Structures are given as structure tokens and as C-alpha cells.
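Trainee: A single structure is presented below for examination.
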Amino acid sequence: MNVESCADFEDHMEALAIGEMAEPESSRLLAHAANCPSCQAHLDTVSGLVDSMLQLTPRVEPPPGFESRVLARLHAGTRAHSARWRSLAIVVACTAALVGGVALGRTALGRDGDSASLSAGTVARSGIIARPDGSPLGNARLVAGPQPFVLVTIDNPKDSGAEVWCELVLADGQSVTVGSWGYDDVAGGVWATGIESGLLAAVTMRVVAADGSVLATATLD
Amino acid sequence: MNRYESRPEKDCENLSELSERTISVLRTPDRHDRLPDDALLTAVALGDTDATAVFVRRFQSRVYGLAITITSDRALSEDIAQSTFERAWRHGATYDSRRASVGTWLLTICRNLAIDAIRVRRPVPVDPWTIGEMLAYDPDAPVVNDPADGAIQSDHVGRLRRALAALPAEQRRAVVLATIGGRTTTEIGLLEGVGVPTAKTRLRNGLLRLRAALESEVER
Ligand SMILES: [Zn+2]
């Protein structure tokens, strides 16, 4: 990069970091940074400071009912969301995608409808966990990735005082117990454990009591 | 029955820090601890309703607080705050714990939305209450730890407050207005009764000093 464009960049860097620059100026400056490590490093530092300052934001309680209005809004968008589920990256090392990432949010989330195309973890199989009477207990998901895991969400965790085991069953009938939980583990409604990648092919997940009786089952597909 | 405990591969290089920590926290029999922010966000991104409710409760006063600070408009702020949570829910998977805390990530989303909203609706009057609140830093005041923040984060916030308090007043105002206030350097110039170049210089010098102060605190 020539000295002239570095000086130009320096001149606008603060404005860029605080989100003051409009297009096409901001793209032009970001393009310079993408090819100029020293300007990029400088920008990262200043952007980091701007982001850090947000921790000093004064807290103000939103109007009553805010939480339920947010949840209702998300619920209304659930169909679109669940359609993207299987390709949704659950856990992402997305530094590469954020190169030039001034304001993280702006870069990663610039436009609504962007979907996460990175796939460090994708849902391989999932199913509703149902009790023998058919009532739902929660969901089970087998998540592929560098470290495959099974993620269990329990709809309304209740304290029965008992520990239960999570068992995955492969198509050939072989069953593997991958872990166990008690109420305290799932009080927040979520439980997970790492599994071997071969178990991503499991067709059934069973919740088994200490005496071996099956408390609930999920068909995974 | 073939029972065994699966052991996570300890040496898996590609394992993202977040998934590792999420899994280990969820596995940990350390019971009544609340889910940490990043594990909670993972559950939110997976569409878990209970986790989402907890997530909203945990962050709503900060998100709404930032929106109202930038816009001074209650109805608009509620909409911005709602949109912030919607984006977190849709895009939680893009969160990278190596770059920022969940709180900072969320507030960055909120800030961008608020700035976009006011750029359309300018001019926004400066609310002396919020700006005054933002600037009310007493360097000698004890740092009050918010129990909602983790110990590490509170420590970081304390350092940031001290570093900010040590800035010359005009630089501190420029930094606060530009970041938490979402103001442009042009607006800062107008508010402060100085030209844009002066406002820019104050912001630049303020950020440089802030960085130097934070770095020297780390070395101590
Ligand atoms: Zn350069």
C-alpha cells in the first residue's frame, strides 16, 4: 500500500470505527485495510475500544411486557428460523468471515436474512423426545462438527430426584449410553455431552432410568 | 448393555472454544450455576424457548439502555431492542467468543441498529439526562460490581471506568458521545461548540489515551 492511502485511512479511521462513514467511502477504506496489515491492526484496536466502551452503557429497564413482546415476535418468525435449522452453524470459528470486521455486528449481521453458511457444527439428526404416553419431554439433536455432541433440551424440567441415562441406538440395534443427568444438570432446560462421530448415525435416543426402564424415546431423523 | 462414558477428544485442534466450553459447562455437575452467557446464546441459536426468555431477561436493561441513550425515543428504542434480540436469535451462530463477550456483541448489534435508525430520523435532540448520566464518572468512586456481570467482566469494566475518568474532560466527552452516544464527529462538534477537526482530534486523542491507560493497567 502506498503511503498516501495509509495517511488517508488514518485520517478517517475513528469515523470508520464509530460507524460514521457512509458508503461508498467505508467500503473503499475497508478494502484498503484488507490489504494493509498495519492499518487493519490499527482499526481493530480502535474498533475494540469502541466496542469495549459499550460495557459502560447505562441500564434502563424497558417498558413492562417487553420480554413477552420479544418472545412473541420471535415465535412469529419461528417457521422461517426452523427451516434454516439444519444448515445453521451452531458453533463457529468465523474469524475468516469477519476479516476487516470493524463493528462485529455490522460485518456479521449487516443485512437481515444473512444466513450462517459456516458449518463447524450442523444438526445431523433430531427428534422430539416423547414419554410412553406420547407427551413431549423435549428435543434431542445430534450435532456434527469437530467435536460431535448430543444436545438435549427439556421443556419443563422437574425435580424427581432421580438420575437418568441418555442412550443412543444405532440402526443395527446396538445401544450406547453416552451420559446421564439429574435435575440439577437440566434445571436450565439444556444438557449436552460429546459423542463419537459414529453415533451421529443413531436412529433413536432413549432416556433410561437406573432400573433400566425406558422413560422416554426420540426417533431421530 | 454396552455402557460407557464417552470422552471428548482433548487434542482436537479444530474444536472451537465456544463449543468446548458450552459442552463442558453443560456436562459439569457443578449444579446451581446459571448457564454462562455463551452457552446460553448457543441454546438461543438452537431455538430453545426457555433459554431465549432467560437471555432476554439477562440483557434487556443494557440493550434498551443503549437504544434509549442513542435515540432518546422510547417507542423507537423498544423496537430497536426487540430487533436486537431477534438478530441475536437468528444469528447467534455467528457469535465468536474470541472476539467479544456476548454482552458486547449484543450491544454492538444494538448500537448499529440505533445508529441506522437515527441517521434516518436526524436531528435527534440530546437528552441531557442520558448524556449527563454517561459522563458522571467519578475517578475516586468505588467501582460497584453488578452481580449480573461475571467477576472478570466487572474487573474489566472497573479498569475501563478508571481509564475513562483519567481523560481530560473534553476528550472523555468526545469518546462517550461517539461510542455510547452514537454521535458523529460532526454532531460532537455542534454539541461542544467546536469545529469538526477539533472534535476529531479530541476523539482520536481520547481513544489513544484510553488505550494507553488500559494497557498500563494490564501491565501493573
Ligand atoms: Zn495502510
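The values are calculated or read from the model by the stated rules, or taken from the named source; none is laboratory data. The model shown is predicted, which means the values in this text are computed figures rather than measured ones. Every residue, glycine as well, gets a Cβ built from its backbone with ideal geometry; the counts of neighbours run over all protein chains shown. In case anyone asks, the SASA skips ligands and DNA or RNA and just uses the protein heavy atoms, side chains included. Shrake-Rupley method; radii C 1.70, N 1.55, O 1.52, S 1.80 Å.
Trainee: Quantify how strongly other chains surround peptide B:74-85 by giving the mean number of their Cβ atoms within 10 Å of each of its Cβ atoms.
Mentor: Taking the mean over all residues of the peptide, I get 3.
Trainee: So, one more: Using protein chains only (no ligands, no nucleic acids) and a 1.4 Å probe, work out which residues of the stretch B:166-180 have their accessible area cut by at least 30 Å² relative to the chain alone.
Mentor: SASA drop of 30 Å² or more in the stretch B:166-180: B:Thr179, B:Ile180.
Trainee: Here's something else I'd like to know. Mind checking how much accessible area B and A bury in total, 1.4 Å probe, in Å² rounded to 100?
Mentor: When B and A are taken together, about 8600 Å² of accessible area is lost.
Trainee: For the stretch B:31-131, with all protein chains present and a 1.4 Å probe, just round the carbon and sulfur fraction of the accessible area to a whole percent.
Mentor: With neighbouring chains kept in place, the figure for the stretch B:31-131 is 51 percent.
Trainee: If you don't mind, there's one more thing I want to ask. Principal axes first, then extents: for the Cα atoms of the stretch A:122-219, list largest minus smallest coordinate on each axis, whole Å, largest first.
Mentor: 33, 26, 21
Trainee: Taking each residue in A:173-182, count the Cβ atoms of any other chain within 10 Å of its Cβ, then average. What number comes out?
Mentor: Counting other chains' Cβ atoms within 10 Å and averaging over A:173-182 gives 3.
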